[in-house]
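Read-outs: derived from the displayed coordinates by stated rules, not from any lab. Predicted, not measured: the structure shown is a model, and the values here were computed from it. Reconstructed Cβ throughout: ideal geometry from the backbone, glycine too, with neighbour counts over all protein chains shown.
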Amino acid sequence: MRIENFPENIRPYLIPHPEGEMVYRCLGCSETFGIGALHYVCPHCRQVLLIEDLTSSRLKERSSLTWHQIFDYRKMLNHPALKGIYRYHEFIGPILPLDSIIYLGEGGTPLIESNQLLQERVGLKLYFKNEGQNPSASFKDRGMASAFSYLSYMIQTGRLTDILAVCASTGDTSAAAALYAAYMSQSIKSAVLLPHGKVTPQQLSQPLGSGARVFEIPGVFDDCMKVVERLSETYQVALLNSKNAWRILGQESYAYEIAQDFD
């Protein structure tokens with residue numbers, strides 16, 4: 001639908017604009033760091049970082065009813081950047097302009113009610129959210145859409161160039177990371193580290209099919225992860241494992257969709 005076909009009171013909110021002040025906040029020492037540089041752990045205490053919007057209180061200026069209407073009507077728009085997880089732009093990546101958002105069909109997965117037999121056994125209504133319908137068949141596409149949209153923003157603003165996107169994986173993470181990196185192949189190269197002999201041919205085929213360079217490392221997943229962490233600390237490397245706070249942010253969209261599906 002077109003903007004002019006929606007109620008007048010909602011039209012100004014349907015297309016979001018960059019706003020907010022996002023920072024990395026350490027879960028250990030509570031220190032904050034700007035998002036103008038790549039960070040994966042706190043430079044001071046080495047603890048995990050999460051993304052925080054320092055001006056999130058502005059969201060309370062709109063009533064809950066207005067937010068319901070915004071997301072319900074926004075769901076009907078024909079705007080690619082708002083079809084996936086960034087339908088909830090104000091709650092996920094409010095500083096990102098829409099032209100930096102990467103959308104490959106992730107999000108919006110169906111909520112399916114289980115059969116009556118299973119509901120009787122568990123004693124309540126039970127639903128499945130079919131995340132296998134994401135582009136690489138994994139919920140991790142949500143996080144990658146967020147992480148790569150951030151990288152796209154950093155490239156557009158001239159803060160990053162010639163990026164190597166790296167992850168350690170035994171399956172889903174490498175498939176998702178390689179897929180999104182392939183979409184941005186003009187500015188991002190992709191590499192995947194796998195534990196030697198621990199990955200099936202089917203799992204290996206996905207990153208290879210997306211054009212990633214795949215390296216098998218002696219040992220187990222943790223050994224691959226140590227190499228990836230060292231690379232991210234030493235070079236301008238985008239680490240795409242779950243230590244990437246932007247990935248966690250994108251995966252939160254799962255909860256927003258469920259809330260919207262249940263009104």
Taking Cα pairs under 8 Å and at least six residues apart, what relative contact order does the range 141-208 come out at, in percent?
-> 34
Nearest 10 degrees, 0 to 90: helix 64-74 Cα axis against the chain principal axis | 70
Within-13-Å neighbourhood charge of R58 [Cβ basis; K, R +1; D, E -1] = -3
In the neighbourhood of H79 defined by beta carbon distances under 12 Å, the net charge of the other residues (Lys, Arg +1; Asp, Glu -1) is +4
How many angstrom separate the Cα center of the range 45-110 from the Cα center of the range 184-263?
-> 22
When the chain is treated as a Gaussian network with springs between alpha carbons less than 10 Å apart, the largest mean-square fluctuation among A137, A145, A176 is found at A137
Which one of G36, G84, G171 has the biggest mean-square fluctuation once the chain is modelled by GNM with Cα springs under 10 Å?
-> G36
The chain: most fluctuating residue of L249, L65, L111 per GNM, C-alpha cutoff 10 Å = L65
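Considering only DSSP beta bridges with both partners in the chain, what is the antiparallel share in %, to the nearest 5?
Values: 12 of 26 bridges.
Once the DSSP bridges in the chain are tallied, antiparallel ones form about 45 percent.
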So, counting K/R as plus one and D/E as minus one, what does the shell of residues with Cβ under 11 Å around H89 add up to?
-> 0
How high is the relative contact order of the chain, in percent, with contacts defined as C-alpha pairs under 8 Å that are six or more residues apart?
-> 18
Going by how many other beta carbons lie within 10 Å of each one, how would you line up L239, L50, L38, L117, fewest first?
-> L117, L50, L38, L239
How about the range 35-76: which trypsin sites (Lys or Arg not before Pro) there are in a DSSP loop, with at most 11 other Cβ atoms within 10 Å of their Cβ?
-> R46
Would you mind finding the longest exposed-site-free stretch of the chain, with exposed chymotrypsin sites (Phe, Trp or Tyr not before Pro) meaning DSSP loop and at most 16 other Cβ atoms within 10 Å?
-> 1-234
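Using Cα-Cα distances under 8 Å and only pairs 6 or more residues apart, what relative contact order does the range 3-96 have, in percent?
Contact order relative to length: 31 percent.
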Report, in degrees rounded to the nearest 10, the 0 to 90 angle that the Cα long axis of helix 172-183 makes with the longest principal axis of the chain.
-> 80
